[in-house]
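The values are calculated or read from the model by the stated rules, or taken from the named source; none is laboratory data. None of these values were measured; they are calculated from a predicted model. As a convention, Cβ positions derive from the backbone with ideal geometry for all residues, glycine included, and neighbour counts pool all protein chains shown. Quick note on the areas: whole protein, heavy atoms, side chains included, nothing else; ligands and nucleic acids left out. Shrake-Rupley method; radii C 1.70, N 1.55, O 1.52, S 1.80 Å.
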Amino acid sequence: MQYNISEKLVNMKPSAIREIFKSLTDPEIIAFAAGNPAAESFPSEKLAVLAAEIFAKDSSKALQYGITEGYPKLREQVTDRLEKRFNIKREESGVMIVSGGQQGLELTCKVMCNEGDVVLTEDPSFIGALNAFRSNGAKTVGVEMEEDGINIEKLKEAIKDNPKAKLLYLIPTFHNPAGTTMSLEKRRAVYKICRESGLLIIEDNPYGELRFAGEEIPTIKSFDDAGIVIYCGSFSKILSAGMRVGFLCAPEAVFQKIVVAKQVEDVHTNQFFQMLCAEFTEKYGLDEHIAGVSELYRRKCELMLGELEKNMPDCVKFTRPEGGLFVWLTLPESIDLQVFVKRALEKKVAVVPGTAFSPAESEISHCFRITYSTPTEEQIVRGIKILAEIVREMM
């Protein structure tokens with residue numbers, strides 16, 4: 001039987017990161033590739049107590065259908081936190097609970113983009129978002145990044161060169177994969193440009209609360225007085241990735257269409273896990289828990305950066321994140337990235353090649369991403385030494 005796959009998906013490839021995950025079943029692998037939160041960051045005992053209480057008192061509600069917009073108690077908590085923590089006003093946008101932040105990105109593209117429309121993104125960008133946009137028939141066009149965020153002049157050129165651009169997708173804080181943070185000056189400049197050109201912004205902020213250094217910078221959504229920013233967040237990196245509970249905040253007209261799109265996809269997000277998030281927030285609060293997770297990542301990040309400074313040749317450049325999960329390394333052009341990644345895996349160290357994060361799928365990269373979240377401290381030390389040895393061998 002010959003199957004005629006849809007044009008939207010026929011040329012799409014599996015996520016390189018998800019494919020690398022398959023190799024991580026080997027217990028000897030040092031998993032610098034995974035973007036997972038640290039297992040020790042999960043409040044397992046507290047969640048177990050809350051889960052038992054939910055099933056003892058509210059089992060019918062936990063196991064029943066819910067409303068598409070989300071479990072009311074959790075929606076109110078998220079709305080309240082967005083206003084108090086991020087200055088995102090409740091009267092200007094609707095809040096929906098989604099099945100992980102990833103679904104928020106996919107639903108936004110589904111609602112706003114026609115086949116062949118363009119989504120502008122930072123280059124590099126999050127592979128999950130890129131595939132979400134492509135799966136809806138949108139074309140992804142990358143805009144060069146600088147140390148303090150997207151290149152403003154290149155963004156202007158990209159908007160001019162792509163009249164079918166509908167969305168600009170950004171991860172301004174603790175970027176995935178680059179680990180960098182966009183300056184306030186650039187956030188305001190980007191907002192002004194998009195407002196003048198009628199381009200909607202998707203502001204993805206799954207890592208923003210995991211700051212362990214530097215000064216906090218306001219979200220773009222916090223100064224959105226024109227209703228052009230759709231904001232996506234998640235409990236994945238601050239509470240549990242496996243729960244698949246995220247949230248989306250969008251202007252009301254867009255929000256109502258996203259509700260319809262979600263009804264088609266999955267009716268509503270897992271009711272039990274929404275209730276679990278709500279009960280954790282009410283009983284224990286998020287701030288103290290997040291502070292502990294951020295401190296864990298601060299120690300592990302400082303260790304990784306210290307080992308990179310000590311072991312890597314000067315020709316290898318790397319970012320210095322102030323939060324989040326990732327470090328982005330750039331190899332000299334003389335080193336073949338694919339060969340480097342293969343040799344690393346042969347020596348039991350898994351990294352993600354920069355090509356996985358390219359908006360233009362054929363683009364050449366000399367970069368790769370590593371994380372300090374999942375490896376142990378001993379693995380961080382050993383893994384960085386192995387990577388540095390491979391660099392010297394290939395030079």
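Considering segment 289-325, the residues that are part of a loop (DSSP other than H, G, I, E, B), in contact (Cβ under 8 Å) with a residue 40 or more places away in the chain and over 23 Å from the mean Cα position of the chain (by Cα) include one that is surrounded by the fewest Cβ atoms within 10 Å (Cβ to Cβ), namely 313.
Among the helices (runs of 4 or more DSSP H) confined to segment 42-117, the ones with at least 2 residues that are within 17 Å of residue 259 (Cα to Cα), modelled with pLDDT of 95 or more and not aliphatic (A, V, I, L, M) are located at 72-86, 101-112. Residue check: residue 388 meets all listed conditions (1) buried (at least 17 other Cβ atoms within 10 Å of the Cβ); (2) under 26 Å from the mean Cα position of the chain (by Cα); (3) under 23 Å from residue 297 (Cα atoms); (4) not basic (Lys, Arg) but one, namely (2). Of the strands (runs of 3 or more DSSP E) lying entirely inside segment 129-229, the ones with 1 or more residues being among the polar types (S, T, N, Q) and modelled with pLDDT of 95 or more are found at 139-146.
Among the listed residues 222, 240, 234, which satisfies the condition of being among the small types (Gly, Ala, Ser) and surrounded by fewer than 20 Cβ atoms within 10 Å (Cβ to Cβ)?
Working: 240 fails: surrounded by fewer than 20 Cβ atoms within 10 Å (Cβ to Cβ); 234 fails: surrounded by fewer than 20 Cβ atoms within 10 Å (Cβ to Cβ).
Just a single option satisfies the conditions, and that option is 222.
Only one of (1) open to solvent by less than 30 Å² (accessible area, probe 1.4 Å); (2) touching a Pro at 6+ places or on another chain (Cβ under 7 Å) is not met by residue 150, so which one is it? Looking at each condition in turn, residue 150 falls short on (2).
Here residue 228 clears all of (1) open to solvent by 10 Å² or more (accessible area, probe 1.4 Å); (2) in contact (Cβ under 8 Å) with a residue 40 or more places away in the chain; (3) among the β-branched types (Val, Ile, Thr) except the condition numbered (2). Within segment 243-288, if we keep just the residues that are among the β-branched types (Val, Ile, Thr) and touching a strand residue (DSSP E or B) at 6+ places or on another chain (Cβ under 9 Å), the residue that is surrounded by the fewest Cβ atoms within 10 Å (Cβ to Cβ) turns out to be 259. Would you check if residue 330 is surrounded by fewer than 20 Cβ atoms within 10 Å (Cβ to Cβ), without any contact (Cβ under 8 Å) to a residue 40 or more places away in the chain and within 17 Å of residue 35 (Cα to Cα)? For residue 330, the condition - surrounded by fewer than 20 Cβ atoms within 10 Å (Cβ to Cβ), without any contact (Cβ under 8 Å) to a residue 40 or more places away in the chain and within 17 Å of residue 35 (Cα to Cα) - is not met. Please enumerate the residues belonging to segment 274-333 that are basic (Lys, Arg) and under 28 Å from residue 147 (Cα atoms). Residues satisfying the conditions are 298, 299, 300, 310, 317, 320.
Out of all the residues in segment 363-380, is one or more over 27 Å from residue 106 (Cα atoms), open to solvent by less than 10 Å² (accessible area, probe 1.4 Å) and outside any loop (DSSP other than H, G, I, E, B)? Step through it out loud before you land on a result.
Pass one, segment 363-380, residues over 27 Å from residue 106 (Cα atoms): 366, 372, 375-380.
The next check asks that each one be open to solvent by less than 10 Å² (accessible area, probe 1.4 Å); those that pass are 372, 375, 380.
Remaining after also requiring outside any loop (DSSP other than H, G, I, E, B): 380.
So far as segment 363-380 goes, yes, one or more of its residues are over 27 Å from residue 106 (Cα atoms), open to solvent by less than 10 Å² (accessible area, probe 1.4 Å) and outside any loop (DSSP other than H, G, I, E, B).
Checked against the criterion of being under 24 Å from residue 86 (Cβ atoms) and modelled with pLDDT of 95 or more, the candidates 322, 302 yield just one match: 322.
Among the listed residues 42, 133, 55, identify the single one that is surrounded by fewer than 22 Cβ atoms within 10 Å (Cβ to Cβ) and under 19 Å from the mean Cα position of the chain (by Cα). Let's see the steps before the verdict.
Values: 133 fails: surrounded by fewer than 22 Cβ atoms within 10 Å (Cβ to Cβ); 55 fails: under 19 Å from the mean Cα position of the chain (by Cα).
Checking each option against the conditions leaves just 42.
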